[in-house]
1. Any residue that is modelled with pLDDT of 95 or more, among the β-branched types (Val, Ile, Thr) and in a helix (DSSP H, G or I) - is there at least one of those in the range 46-57?
2. Would you confirm whether any residue within the range 43-58 is over 10 Å from the mean Cα position of the chain (by Cα), crowded, with 18+ Cβ neighbours inside 10 Å, of a type in the set (Asp, Glu) and within 22 Å of ALA119 (Cα to Cα)?
3. Taking interchain pairs and intrachain pairs at least six residues apart, which have beta carbon atoms under 6 angstrom, with the first residue in the range 28-44 and without any contact (Cβ under 8 Å) to a residue 12 or more places away in the chain and the second in a loop (DSSP other than H, G, I, E, B) and not β-branched (Val, Ile, Thr)?
4. Do we find a residue being at pLDDT 95 or above, at positive phi and not assigned by TED's automatic domain parsing to the domain that holds GLN137 anywhere in the range 77-89?
5. All but one of (1) exposed (fewer than 14 other Cβ atoms within 10 Å of the Cβ); (2) at pLDDT 95 or above; (3) touching a helix residue (DSSP H, G or I) at 6+ places or on another chain (Cβ under 8 Å) hold for ALA35; state the number of the condition that does not hold.
6. Within the set of pairs 6+ apart or on separate chains, which have a first residue in the range 72-90 that is without any contact (Cβ under 8 Å) to a residue 40 or more places away in the chain and more than 10 Å from GLY62 (Cβ to Cβ), a second that is surrounded by 21 or more Cβ atoms within 10 Å (Cβ to Cβ) and among the basic types (Lys, Arg), and C-beta atoms under 6 Å apart?
7. Yes or no: ILE90 surrounded by 19 or more Cβ atoms within 10 Å (Cβ to Cβ), among the hydrophobic types (A, V, I, L, M, F, W, C) and assigned to a helix (DSSP H, G or I)?
Amino acid sequence: MKYFLSAVLLCCSLPAMAQANKIPSAAEIKSQTPAELAKTALDLEQALVLQPGNGELYEKLGFVYTRLHRIDDAQKAFESAARLEPKEPIIHYMLGLIYEKKGLKPQAVAAWKACLDNAPNDHMRETAIKHLNNLKQ
């Protein structure tokens with residue numbers, strides 16, 4: 001019984017712990033030091049254990065990994081985010097850049113097309129078109 005109660009208390013406290021660790025905004029992530037980014041990555045990874053269907057957390061983790069130059073991890077995080085948030089253009093934008101950098105042309109084309117289809121403004125549409133045109137050459 002003692003172990004059962006301990007397990008229940010632990011399970012109940014995990015969501016509260018995740019909420020206590022405020023997940024930084026994209027702007028805050030941009031200004032973090034490498035040590036802060038590493039801590040943010042751990043916080044996001046822990047939050048995703050509790051919320052595996054949260055596309056925004058995967059998106060932020062992708063940005064953190066990108067800043068840490070962990071490109072393979074960033075790719076996986078953005079791919080997970082894209083499955084959960086298929087109409088979010090910035091996710092496809094980042095995947096397009098990653099795929100291009102890795103020389104994965106078919107994946108890059110698909111990512112830039114998805115970005116273009118969901119772009120909220122002219123600047124993002126123009127960027128997607130430019131990348132698609134460069135990939136055709």
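1. yes
2. Scanning the range 43-58, I find no residue that is over 10 Å from the mean Cα position of the chain (by Cα), crowded, with 18+ Cβ neighbours inside 10 Å, of a type in the set (Asp, Glu) and within 22 Å of ALA119 (Cα to Cα), so the answer is no.
3. Final answer for the pair search is none.
4. Let us first name the residues in the range 77-89 that are at pLDDT 95 or above, namely 77-89.
Cutting the leftovers down to at positive phi gives us none.
No.
5. Going through (1) exposed (fewer than 14 other Cβ atoms within 10 Å of the Cβ); (2) at pLDDT 95 or above; (3) touching a helix residue (DSSP H, G or I) at 6+ places or on another chain (Cβ under 8 Å) one by one, ALA35 breaks only (3).
6. Final answer for the pair search is none.
7. Details: surrounded by 19 or more Cβ atoms within 10 Å (Cβ to Cβ): yes; among the hydrophobic types (A, V, I, L, M, F, W, C): yes; assigned to a helix (DSSP H, G or I): yes.
Yes; evaluated as a whole, the condition is true for this residue.
The values are calculated or read from the model by the stated rules, or taken from the named source; none is laboratory data. Since the structure is predicted, the reported quantities are computational estimates derived from the model, not experimental observations. Ideal geometry is used to build each Cβ from the backbone, glycine not excepted, and the neighbour counts take in all protein chains shown.
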